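Okay, so here's the structure we're looking at.
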Amino acid sequence: MVLLNKTMMCGGLVILAPGSPLQVLFAILIMMFHLLFVLKLAPYVKDSEDWSAFLSTLGLCLLSLGAYSMMIELDPHQLETIGVVTTLLPLMCIGSVIFIMIFVDCGLWQHLCGKRMKNKKNNNATQVQPIGSGRIGKNINDWEEEDSVALKSWGKKS
């Protein structure tokens with residue numbers, strides 16, 4: 001899916017009305033579909049990878065939306081505001097991905113929270129062990145025989 005997205009964003013948009021608002025509109029649509037794909041399917045192994053992919057795709061989608069709004073005739077103050085937002089947006093995306101990489105992927109967050117949990121941890125030595133129905137005090141051979149009978153009659157009406 002990532003290769004399809006890159007192919008459509010790089011190769012497909014070059015062919016489609018270069019420099020026009022239609023080209024930017026299709027870029028927004030492509031990024032929206034990719035954003036929904038990443039958000040719904042969570043295709044990566046770690047949750048942190050899914051969050052990084054979501055944030056970077058959201059950033060590209062919002063950046064395309066900013067480019068589309070710059071093509072519309074607005075007053076200079078609004079264009080300046082959009083220019084500041086489209087300049088800060090990639091920096092925020094890069095910062096958030098680096099934050100996720102350092103704190104979540106490298107384990108710094110778990111290390112910091114682990115020390116806090118060790119300080120709050122109580123030393124409770126209670127353990128719960130499951131007990132099979134009617135198996136207390138029986139011989140292990142009796143258990144195997146009961147399991148064999150139950151397995152043979154499995155799925156049959158009593």
For the range 2-107, the spread of Cα positions along each principal axis, largest first, Å: 47, 31, 19
Chain lengthening between residue 47 and residue 67 when straightened (0.36 nm per residue, less Cα-Cα): 4.2 nm
Additional length obtainable on full extension of the chain from residue 81 to residue 98, 0.36 nm per residue less Cα span: 3.5 nm
FRET efficiency estimate (nearest 0.05) - Cβ-Cβ, residue 1 to residue 111, R0 35 angstrom: 0.55
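Please arrange 96, 52, 153 by counting, for each residue, the other beta carbons lying within 10 Å of its beta carbon, fewest first. Please list the in-between numbers first.
On the way: 96 16, 52 22, 153 10.
By the 10 Å Cβ count, ascending, the order reads 153, 96, 52.
Every number in this text was worked out from the coordinates using simple rules, so none of it is lab data. Please read these numbers as outputs of a predicted model, since none were measured by experiment. Neighbour counts are summed over all protein chains in view; Cβ atoms, including those assigned to glycine, are modelled from backbone coordinates with ideal geometry.
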